[in-house]
Amino acid sequence: ILFILPLFTEAQNNVYTFNAADGTPMKRYDTTITGWNARVLVRQDQDYNPDSTEVIIDMCGLGEVGSDTGRINDNGYGYWISNARWDGTVTLASGNHHPIIIVLQPSSAWPGESTTSGKIDVILGRWRIKKRAVHVSGLSMGGWAFTTLVTSDASSPYARAFKITSVVESGGANPNENTP
C-alpha cells in the first residue's frame, strides 16, 4: 500500500508556508491542472479540513502563456501572492476569510470555453468548494476566456455559466463579443 500511496497524492512543488497577517497558517505551492501550470494559495489545513470554502481562480494574460512558471509572478494575483504583496486574506463584515486562490497559466493562447470549463471542473473535483462561491478573474486574455465562458453559454441549463458566481476581468473581452 505504501508504494501505491504516491499515485494518489497531489504534486506540490515549491511549497512556501507562512502565517497571514491574522495568524492563519497558509501555504503556497505550484501544481498542474490537466496540463496547465497553477500556483495555489490555501490554508495549511485545507487538504484535510472537512469544511468547504470559496475559491478565486485567476487566469494569466497572453504575455504569461506557456510553460515557464516564473511568468506567473509577472502580473495580477500571481504577482501579489508570489511577491508577498497579499497573503490571501479577504476581509468582509463577517470577518476575515481565506479562500483558495488559484492562478492558472494556460499552456497556449486563447483557450476555448470547453477547455476553460474543464479546468473549473477539475478544480471543483480537487478541492472542497462551497456552492455559489466560485469567483473568477483574468488579466487581458484571461479575462476574455472567463467572460466568454459565461456569455457564450446561451442555452438552458446554462451548465458553464452556473458554475461561476462572479467574473472580474481586467482588460478582457468586449461585452458584445458573444451574444445573446
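Per atom type, the stretch 1-138 shows carbon and sulfur on 53% of its accessible surface, probed at 1.4 Å. For the chain, the solvent-accessible area with a 1.4 angstrom probe is 53 square angstrom per residue.
Can you give the Kirkwood hydrodynamic radius for the stretch 103-154, in Å, rounded to one decimal and based on Cα pairs?
In the stretch 103-154 this quantity evaluates to 11.7 Å.
As a length-normalised measure over Cα pairs under 8 Å and 6 or more apart, the relative contact order of the stretch 1-134 settles at 28 percent. For the stretch 116-165 versus the stretch 28-52, the inter-centroid distance based on Cα atoms is 17 Å. For SER140, the residues whose amide H sits under 5 Å from its own are SER170, GLY171, GLY172, ignoring neighbours fewer than 5 places away on the same chain, with H placed 1.01 Å from N. Shown in residue order for the stretch 14-30 are the 3J(HN,Hα) couplings computed by the Karplus curve 6.51 cos²θ - 1.76 cosθ + 1.60 at θ = phi - 60°: 6, 6, 10, 10, 6, 9, 5, 4, 8, x, 5, x, 10, 9, 10, 8, 9 Hz (x for Gly and Pro). Counting only heavy atoms of the protein chains and using a 1.4 Å probe, SER166 has close to 40 Å² of accessible surface.
Taking the Cα atoms of the chain, the ratio Rg/Rh between the radius of gyration and the Kirkwood radius comes to 0.96. Let a ≥ b ≥ c be the square roots of the eigenvalues of the Cα gyration tensor of the stretch 75-163; is it rounded (a/c under 1.5), or, if not, prolate (a/b larger than b/c) or oblate? Oblate shape, in that a/c is at least 1.5 and b/c is the bigger or equal ratio.
The values are calculated or read from the model by the stated rules, or taken from the named source; none is laboratory data. Bear in mind the structure is a predicted one, so any value in this text is a computation, not a measurement. Heavy atoms of the whole protein, side chains included, go into the accessibility calculation; ligands, DNA and RNA do not. Shrake-Rupley method; radii C 1.70, N 1.55, O 1.52, S 1.80 Å.
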